[in-house]
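The values are calculated or read from the model by the stated rules, or taken from the named source; none is laboratory data. Since this is a predicted model, take the numbers as computed values, not measurements. Here the Cβ positions follow ideal geometry from the backbone for every residue, glycine too, while neighbour counts run over all protein chains shown. Remember, those area values only see protein heavy atoms, side chains included, never the ligands or the DNA or RNA. Shrake-Rupley method; radii C 1.70, N 1.55, O 1.52, S 1.80 Å.
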Amino acid sequence: MKMAENKSNQEIAAEFTSYYLQRVTKEFAEDLDKVRSADDFKSDAALPLLINALQQGTALFSPEEQRRIVTAEAAAATEESQSGKKYLSTI
Amino acid sequence: MGKRNSHGDFAGGPRKRQRIVHEAPTSEDVHTSRQLRQLLAFDSDGVRARHGLQSFKLFLDELLAGGDSHPDRLQILREYLDSTTPSESEDEGSRVYLSDIMQTWSHASQPSNDNVISAVVVALALLLKLLSQKLELVPVGLGICRTLLQKRQLELISRALSADKGKAFIISPTLRLLKEAISFDGGAVAKPIFRARAFTLKSLARNMGIVHIGEQDEEAAKRPSARTNAVLFLLNALKFLHPEAKKELLSQRDVVSALTRDLKQDPPYLVIQLLDTLRDYVLLDDKVPREAKSSLLGAATLIRISSLYYYRQNTSTEPSLPSIPDKAHDFLMNACTTPSCGVLRQDMGLYPRETDPDATLPTAELEELGLEAIVWMKRFKTEVPVRNYVLSNFLQNLRPWSSTKQSELVTAIFKAAPELVADFFINNKSFTFEPKLSTTWIGYAAFLFNAVMLPIPDYFCRGSGFSELPPPTSIVIDNILPLPLNQKVLVRCLAHKSKMVSFFATRILVLAVQKLDTAVRMHQDLSHFNKSLWAEAARRLVDEFCQRSPSIIDMINSYRSISEDDILHREAASHLLRLCYEVIPQVALMAKFDVSPFLETALRRLAKREQSEDPKDIALSLKQLENLLAIAGYSPGMRWFSTSDSITFSPFTALLRVYVEAPHGVALTKVWRVLDFVAMEHQLVPAYTAHPGLLPLLGALQSLNKSSAKSVLEIWPFLDKCLTRCATAPIKYLEMMQTIIQEAPGLPSQGISAAVISPITFAILEQLPFAEKAANQGVLRALKKFLPTFIGLLVAAGESRPLLEVALSKMSAHFTKGLDGLPSTEAAYELLAEVKHVDQSGDSAAKKTNPLGRSREGQTITHIDDEELQEVLDITDSLSVDNSALTKWASKTVDELVDEGYAVSLISLLVSEHASIRKEALINILKMAAKIKQSEYDEKEQVWLLLSELAETAKGGGVGDGPLPSPVVAFACHAVRMLKDPLSVLYPKINGFLTRGPVWSLDRLPLVDEVLAEDPSAVDSYYAQLSWLLSYLLDSLRTDQDLELFHKKRANGPLLERLLALAGNSYMRLPLRIQLLKLLYRATGIKGGSTTLTTRFGIVSWLEAQVAWCQDRDGREARLYEALRRRVWETCDRERVGEWSRKGAVVVVEGENET
């Protein structure tokens, strides 16, 4: 697997978009179901429109922020240890 | 469209085309060229003629289908063509190829035997098609083409083309024939065909309207219609005609209109060919004049092409063809956004068509009325005159909310012609954003998101610099929050029961506030000439924005209503709130928003995270936390050091824990910045720039965390108490420090200023007895480890070592076995450096943007170093004292005294630091004056007067007490040089000055007002006078007393201020500006010079403005200003300047150095 810090900006952007979409579909699952059952949801044009609208929000994250979020996984995995586990556990 | 033939119509009734039934002609196989000749020989009998032509057609069909597999048949054709080729002796113009066929054609048209005519043109079209593939037969083909261009044939063609609409069987092959002819041999005869356009293009527009009608059988429907053939002919013409002919062809409105009229019904291959040909041979052909392109691509054509977005393509029957909607999209993107395609016109960004952004308005009017003085300022609220009216019309026919591609097209057009944004939303009345959870609403939202995300045009006007007047506020706001996004609708969106609606609205608002920020900054740019006018426009803009956007309360309520688990939504909403605090604080602070509970929630959530949780989610939550921290930093009501029942520690300590205990790899730079800021604000640490702030504490805690994580957990309650106490009563600890200073060896004499130390140390010292009393061994053990490291780091941070040693020994008393000594200096430095490195490494992104918000990314300015700066700006002191001047002059003639500088050298001695030299010089000056007066020197009177006045002034100024002020001496030196030449520009002014009185004021700089404020004595001599003045002033600035004269308050303002204002004259040339810079450089070399320049004359901002002004024009000059700014910073009293500018100067200069 490619090291997180070596990933190009495009790779990071693609991974972030996929994470964003996954997150957004999770948070708004109920609403998305309603949209899909609405009258004006015609499958051929509507689905790409919907996906495009959802993923637009990635533009609100700067490339650095995207990298930070995408690479958090790798950082946490390497540090999944003593200090990491008790992180903030007692506040 | 061609005029309809009304013959045989039933008046008023629906017209039906008569169906024509063709009898199939007979035919026979062709075996010899002789047989072919016989078959095609002229025969007046229609049936026999058709028989021959049909046999020929089948013969050609076979040849065309079989390629080279019929060499014998090709031979037959070749022989036949040879036999019919006219002899070369004939005149070129009258040579008729295939004379038999031509005769048959002509004969058939007399009684109008349509079947024969059709058979002839079909055969000819096929023959040309075949010949175009056989290189050796091309000359024959060209001969046939030329034959077609003879008058008789042209008339036949014209008659065929204008045959009744129902006779597609004649029209179609004729068009095919023309198509083959115009493209034959690379368009060799295209030009003459076009020249004969009265015949060849006859009824073209009408013919492009003849399509298959429904009731035809399937076989017929598959055949290309007359329209298809006509379009193909026209496209071939566009391919092979020269640009001027294309222009003329495209200027025929009916043809252009007919070309795209039924586009949506055309077969896919035709549509593709049409789009490709128009693109390659019209749009992208640079030789085709712009007006030709414009006449092709009117709004109607664009609308018809855009109807292809809905083209129904049967991909199962023709899978290899590209998608038509995609093709049309690419075509439109190209056509509408490339200026050379003839549609897009250059606009002026946010300035509408009827405005003149560079108009000069009377200053008095502008001062009195402000923005009201600009008549057009409020004119564009309901209508915007645009240059791109074609695109404006076209845009109204698109439905960007219904398809991603159309949204992309509209956005691209907006980007290419920003004037259209406001116009589009004003005209699109049906476009409402009333929230409803539907695909259309989401499409609206996505489109609006794109529109708001568009960048603001460069300098608003797309020029190379800002205009004189600001753009109309209504247009700017329409670009930031387009009309459908009004307050009422947005409030409803934020409070909508479906959270996705609120999420979409929040995202758009985030973009809008960011865009507002950019727009306001552009209004505040330093290079604006009329700053107050732009500032007023910026205020209006913010007001308008606040009227359109939901109130901060609505935003806060929306944030409150989001579930804790919806981190993406929470992040967006907190981002929005944070931006409001940053960009429109005056509005944001109106709401009483206590961020602490949200901060607690966020911290608690981070604390509760489960093992299974996605690390990306945590990183996202951290981003939300950052937003909240920023809001907390901005809101004055934030209680950083108060505890409540719901939380164990104060928010500050809780945040400190987040920082210290965060797993490695999670970037927490912003958290560190907030902690550092709060610590400094609450005087936990000394607040001067060189001090590393909270780093020693963070370093000590991290070091403890590394060695024993348990100890850190033990230490928090104690530390929280110390931090809270220190923050609530810092004075108490400062007093405590003073007491301890008395005890420290050697310190009292140095005073408190030398004994800087973090107040938190004393808070810890004060609290230790209580910890000792509580006898919690865990805490004491942890403190035993922690305190020496912490104190060691404070020493490494540059705090007073003796004082800290006293503190440590006092602390030691509370531990049974005492504390360890301080760690070695190297170890402490290393640790401090490590923390610094970690804290600042993740900070690269933050540093790219300095706090003024201007991105420095991509700038590769090579700095001018100090040495280079010195080389350019430092010139030696010309009043340098040469004592030999006292004796040298005596032996010289008067001419030599004046012209060769002996007089000047003598005068310069008046600034000597030795009283005897000055006195000697004075006597010698008087002697010299006498000598000059008695001489025959032309200007003896004036020079004598000057020297005498100087001597009088020196006497009165007490030449024995100290050097004469440099300005007086420098003036005398520079005046002598002017007096020797009556034609010099300053001759009258200097004489005027000399006759005014016998003694000069030592408090003033002679002749400054006369040059700066009065008219130049000779026309066009202003800059010459200025140059003289600047060089004399440069020599006048040598000591701190001189500098005082420069910044002394005067009736017209301090001299330095007036000199700095000179640079505002954009006509002033570089050499004069450099002279000014030399003067400033000289001032920076004088004690206190840089500090005075910074605090009293705002030199840092002045230099910044100069950088901004010349950055685009002269990079080197800009670098010179920057280098000078660095020099000012390096030579000033940083502490005082830092205090004076509340660290603004530090940020500007150091931010610059980092790039």
**OP:** Can you work out which of the residues in segment B:689-718 that are among the small types (Gly, Ala, Ser) and open to solvent by 10 Å² or more (accessible area, probe 1.4 Å) is modelled with the lowest pLDDT?
**Re:** B:ALA690
Original post:
Within segment B:797-808, how many residues are open to solvent by 10 Å² or more (accessible area, probe 1.4 Å) and in a helix (DSSP H, G or I)?
Top reply: 5
Original post:
List the pairs whose first member sits in segment B:448-464 and is basic (Lys, Arg), whose second member is at pLDDT below 95 and open to solvent by less than 30 Å² (accessible area, probe 1.4 Å), and whose Cβ atoms are under 6 Å apart, counting only residues at least 6 apart or on separate chains?
Top reply: B:ARG462/B:GLY349
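Every residue, every condition in (1) under 21 Å from B:GLU468 (Cα atoms); (2) more than 14 Å from chain A (Cβ to nearest Cβ); (3) among the β-branched types (Val, Ile, Thr), yes or no:
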{"residue": "B:LEU361", "(1), (2), (3)": "yes, yes, no"}
{"residue": "B:THR382", "(1), (2), (3)": "no, yes, yes"}
{"residue": "B:SER407", "(1), (2), (3)": "no, no, no"}
{"residue": "B:ILE413", "(1), (2), (3)": "no, yes, yes"}
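The rows are residues; the columns are (1) out of contact with any Phe, Trp or Tyr (no Cβ under 8 Å at 6 or more places or on another chain); (2) of a type in the set (Phe, Trp, Tyr); (3) more than 17 Å from B:LEU873 (Cβ to Cβ).
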| residue | (1), (2), (3) |
| --- | --- |
| B:ASP1042 | yes, no, yes |
| B:ASN1052 | yes, no, yes |
| B:GLY1064 | yes, no, yes |
| B:LEU1070 | yes, no, no |
| B:ARG1073 | yes, no, no |
| B:PHE1097 | yes, yes, yes |
| B:ALA1105 | yes, no, yes |
**OP:** Of all residues in segment B:604-623, count the ones that are open to solvent by less than 10 Å² (accessible area, probe 1.4 Å) and either more than 36 Å from the chain's Cα centre (by Cα) or modelled with pLDDT under 80 (or both).
**Re:** 1
Subject >> Tally of residues being at the interface with chain B (Cβ under 8 Å from one of its Cβ atoms) and open to solvent by 40 Å² or more (accessible area, probe 1.4 Å) across segment A:52-61 >> reply: 2
**OP:** Provide a single number: the residues in segment B:473-525 that are within 14 Å of another protein chain (Cβ to nearest Cβ), open to solvent by 10 Å² or more (accessible area, probe 1.4 Å) and under 12 Å from B:LEU448 (Cα atoms).
**Re:** 1
**OP:** Output the residue which, of all residues in segment B:329-351 that are hydrophobic (A, V, I, L, M, F, W, C) and under 23 Å from B:THR277 (Cα atoms), is surrounded by the fewest Cβ atoms within 10 Å (Cβ to Cβ).
**Re:** B:MET333
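Assess whether B:GLU354 counts as being exposed (fewer than 14 other Cβ atoms within 10 Å of the Cβ) and in the same structural domain as B:ILE475 (by TED's automatic domain parsing).
Yes: the conditions hold for B:GLU354.
For (1) out of contact with any Asp or Glu (no Cβ under 9 Å at 6 or more places or on another chain); (2) part of a helix (DSSP H, G or I), each residue gets a yes or a no:
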position: B:PHE194; (1), (2): no, yes
position: B:HIS212; (1), (2): yes, no
position: B:GLU248; (1), (2): yes, yes
position: B:VAL256; (1), (2): yes, yes
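Can you find a residue that is of a type in the set (Ser, Thr, Tyr) and within 14 Å of another protein chain (Cβ to nearest Cβ) anywhere in segment B:385-396?
no
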Original post:
Does B:ARG399 qualify as being within 14 Å of another protein chain (Cβ to nearest Cβ), free of Cβ contacts under 8 Å to residues at least 60 places away in the same chain, surrounded by fewer than 20 Cβ atoms within 10 Å (Cβ to Cβ) and part of a loop (DSSP other than H, G, I, E, B)?
Top reply: yes
Subject >> Residues of segment B:402-422 classified as over 16 Å from B:PRO484 (Cβ atoms), hydroxyl-bearing (Ser, Thr, Tyr) and in a helix (DSSP H, G or I), total >> reply: 1
Subject >> segment B:576-596, residues that are within 14 Å of chain A (Cβ to nearest Cβ) and open to solvent by 20 Å² or more (accessible area, probe 1.4 Å) >> reply: B:ARG578
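Restrict the check to segment B:121-133 and report whether at least one residue is more than 53 Å from the chain's Cα centre (by Cα), open to solvent by 40 Å² or more (accessible area, probe 1.4 Å) and farther than 25 Å from B:PRO25 by Cβ.
yes
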Original post:
If you scan segment B:249-275, which residues turn out to be touching a residue at least 40 places away in the same chain (Cβ under 8 Å) and of a type in the set (Asp, Glu)?
Top reply: B:ASP254, B:ASP262
**OP:** Within segment B:1025-1044, work out how many residues are more than 45 Å from the chain's Cα centre (by Cα) and of a type in the set (A, V, I, L, M, F, W, C).
**Re:** 0
**OP:** Starting from segment A:24-51, keep only residues that are within 17 Å of B:HIS569 (Cα to Cα) and more than 7 Å from chain B (Cβ to nearest Cβ), then list their pairs with residues that are open to solvent by less than 10 Å² (accessible area, probe 1.4 Å) and hydroxyl-bearing (Ser, Thr, Tyr) whose Cβ atoms are within a distance under 8 Å, requiring at least 6 positions of separation or different chains.
**Re:** none
**OP:** Considering only segment B:760-795, state which residues are more than 23 Å from B:GLU743 (Cβ to Cβ) and among the small types (Gly, Ala, Ser).
**Re:** B:ALA774, B:ALA775, B:GLY778, B:ALA782
**OP:** Out of B:VAL666, B:VAL658, B:VAL671, report the one residue that is more than 10 Å from chain A (Cβ to nearest Cβ) and modelled with pLDDT under 80.
**Re:** B:VAL671
**OP:** Report yes if some residue within segment B:452-466 is open to solvent by 10 Å² or more (accessible area, probe 1.4 Å), charged (D, E, K, R) and facing another protein chain (nearest Cβ under 10 Å); otherwise report no.
**Re:** no
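The rows are residues; the columns are (1) closer than 28 Å to B:GLN38 by Cβ; (2) assigned to a helix (DSSP H, G or I); (3) among the aromatic types (Phe, Trp, Tyr).
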{"site": "B:PRO86", "(1), (2), (3)": "yes, no, no"}
{"site": "B:TYR97", "(1), (2), (3)": "yes, no, yes"}
{"site": "B:ASP100", "(1), (2), (3)": "yes, yes, no"}
{"site": "B:LEU127", "(1), (2), (3)": "yes, yes, no"}
{"site": "B:ARG146", "(1), (2), (3)": "yes, yes, no"}
{"site": "B:ARG176", "(1), (2), (3)": "yes, yes, no"}
Subject >> helices (runs of 4 or more DSSP H) lying entirely in segment B:423-511 (those with 1 or more residues that are among the aromatic types (Phe, Trp, Tyr) and under 29 Å from the mean Cα position of the chain (by Cα)) >> reply: B:439-453
Original post:
Somewhere in segment B:537-555, is a residue closer than 25 Å to A:ILE69 by Cβ and either crowded, with 18+ Cβ neighbours inside 10 Å or within 14 Å of chain A (Cβ to nearest Cβ) (or both)?
Top reply: yes
